[in-house]
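Please read the structure below before turning to the comments.
The values are calculated or read from the model by the stated rules, or taken from the named source; none is laboratory data. None of the values given here were measured: they were computed from a predicted structure. Ideal geometry is used to build each Cβ from the backbone, glycine not excepted, and the neighbour counts take in all protein chains shown.
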Amino acid sequence: MSDTVTLDGRELPATDALLAAPARRARLLRLLEASSIWIVLLAAWQLAAIYLPLGDNPLIPAPLLVFSTLRESLPELWAGTLSSFAILIPGFLLATLLGVASGLAVGTVPRLQRIFFPFARVAAPVPPTVYIPYAIAILPTFQLSAIFVVFIGAFWPVFHNTAAGALALEQRYRDNAGILGLSGIEYRWRVVLPASLPHIFSGMGVGLAFSFVLLTVAELFGANAGLGRFVQFYADYADYPKMVAGILYTGLVTYLSMTLLELARRRALFWLR
Amino acid sequence: MSTGLILEGVDFAYEDTPILERISLQIPAGQFVTLLGSSGCGKSTLLRLLAGLQAPDRGSLGWNGQPIRGTSLERGIVFQDYALFPWMSVVDNIAVAIGKARPETGKAARREEAAEYLRKVGLESAIGKYPFELSGGMRQRGAIARALALGSPLLLMDEPFGALDPVNRARLQDLLLEIWEAASPRKTIVFVTHDIDEALYLSDRVVILGAAPGRVIADLSVDFPRHRDRRTLFDGEDFRTQREAIAETLAADTLRRLIAA
């Protein structure tokens, strides 16, 4: 399409272009709004690095230094990511699997509610971090103990949300399942599970965020690789550019993982309109 | 052994509030009956009892000589809305019903048969779609297709067209009659509505329920010949007389309740 049209011999911008310009400006403005805090933080960081008298060992390394350090450390950080994910993924997946299965069972069988809920009320609020030293002592490898801790942390939010979703199952779905004669495993698989998916995904979101917290904390205790370990290691050696690079990188990995879960949620819940 | 529905002295209360009181009815197989009443008269509750979704406090319900206990594929039901599972495609919704009703049917055959029922209700365009992609009228067509696919000889319908616009409502009424009249033997249909015209147009018999608590206050037979035509029927003298009589019965019940309160 051409950018202009001619009317009575005068050149006028085509309607496409007329509409596109304000739309483009609005989009640009929105992008600016979304990144404003980042820009302010980056500027403040740069200024602090320049003007704060910190001597030879700057606690606040300049952004540019951090970014170049980040680039140099990428291979090491990538190895750390793999090591961390070897804990996070099995722990989180196991928690999701067992959390959903037990949540569905407890949410649909009143007797299991009477058995499980009194226990969950006491066990779930215990901060999983307190298990870390004992898990490390009792399990053969650090990886296993960290998986266990991540599992405990992610299990409860998934379990609670799944059970809540199953309990909140709308009467019309129960009725329809009853009419069709759906029962047992089939009823839970075809009706209760999909109907509870919105709840399940919010439980998984909380569980995944919590998994990252527990993972990095566990790595401070006894890992010889991993994202939390990277940060702790260079902090011990007062290599602050690397430490800060590690923090930024961990933040990015966490953000990307949460985004991936969000994409999965949207895909699974396409029917929710 | 008697065929059809038999209700004897059915009482039902919800948390000490009586909803239904001493409901006794005999509905022979193949009859199209509407339960008519104002909202809150317990007509939907009565339908839930017939479906076996709830049990009465007293009295008995029987279908073809068997007591009604729990749900059964013998008794299909269509609700006012949200009858289909939103996470399954329309065709899968119906294929699931077929799988339950006739488990010996293979997976591919189920889908084929489901598509057949969708064509029957004029939904061939929606075969691969999900309920959220359909209008309210199309969803109700899907719900009817599913109820038909179950093959239940007794069809319970709880204000199935209540949420539709007048045009779609009329279309689906015609569709329902067309399918019901064509079948042999005809299904027994218990149809709940609060719309007098709908009751008279569709059914062989109108059972009027009074409210608080729900009980039968009138039981009328509707004798207009079948293959009814909406326009000539609605203009007819008999229709108008019967319509007024029903309206008066309902108004008298409302008045009685207001005086009692």
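Observations on the structure shown:
- Index of the failed condition, B:P166 passing every other in (1) surrounded by fewer than 22 Cβ atoms within 10 Å (Cβ to Cβ); (2) touching a strand residue (DSSP E or B) at 6+ places or on another chain (Cβ under 8 Å): (2)
- Evaluated against (1) surrounded by fewer than 21 Cβ atoms within 10 Å (Cβ to Cβ); (2) over 19 Å from the mean Cα position of the chain (by Cα); (3) within 11 Å of another protein chain (Cβ to nearest Cβ); (4) part of a loop (DSSP other than H, G, I, E, B), B:E104 falls short on exactly one condition, (3).
- Residue count for region B:150-171 under the criterion of being more than 22 Å from B:V96 (Cα to Cα) and in contact with a helix residue (DSSP H, G or I) (Cβ under 6 Å, 6 or more places away or on another chain): the result is 4.
- Of the residues screened, A:L248 is not one that is free of Cβ contacts under 8 Å to residues at least 12 places away in the same chain and in the same structural domain as A:A163 (by TED's automatic domain parsing).
- Which numbered condition B:A109 misses (of (1) surrounded by fewer than 18 Cβ atoms within 10 Å (Cβ to Cβ); (2) within 22 Å of the chain's Cα centre (by Cα)): (2)
- Residue that is nearest to B:P131 (Cα to Cα) [pool: residues in region B:71-80 that are out of contact with any helix residue (DSSP H, G or I) (no Cβ under 7 Å at 6 or more places or on another chain) and more than 8 Å from chain A (Cβ to nearest Cβ)]: B:Q80
- Residues being touching a Gly at 6+ places or on another chain (Cβ under 9 Å) and within 14 Å of chain B (Cβ to nearest Cβ) - total across region A:239-273: 1
- Count - residues of region B:45-67 that are more than 13 Å from every other protein chain (Cβ to nearest Cβ), closer than 19 Å to B:T3 by Cβ and of a type in the set (A, V, I, L, M): 1
- Enumeration of residues in region B:1-14 that are assigned to a loop (DSSP other than H, G, I, E, B) and modelled with pLDDT of 85 or more: B:G4
- Residue count for region B:19-61, restricted to those that are more than 27 Å from B:E198 (Cα to Cα) and either small (G, A, S) or modelled with pLDDT of 90 or more (or both): 3
- Members of region B:214-234 found to be surrounded by fewer than 19 Cβ atoms within 10 Å (Cβ to Cβ) and touching a Gly at 6+ places or on another chain (Cβ under 7 Å), listed by number: B:I217
- Count of residues meeting criterion [surrounded by fewer than 22 Cβ atoms within 10 Å (Cβ to Cβ) and of a type in the set (G, A, S)] in region B:122-151: 7
- Qualifying residue in region B:160-175 (condition: closer than 25 Å to B:S39 by Cβ, within 14 Å of another protein chain (Cβ to nearest Cβ) and at pLDDT 85 or above): yes
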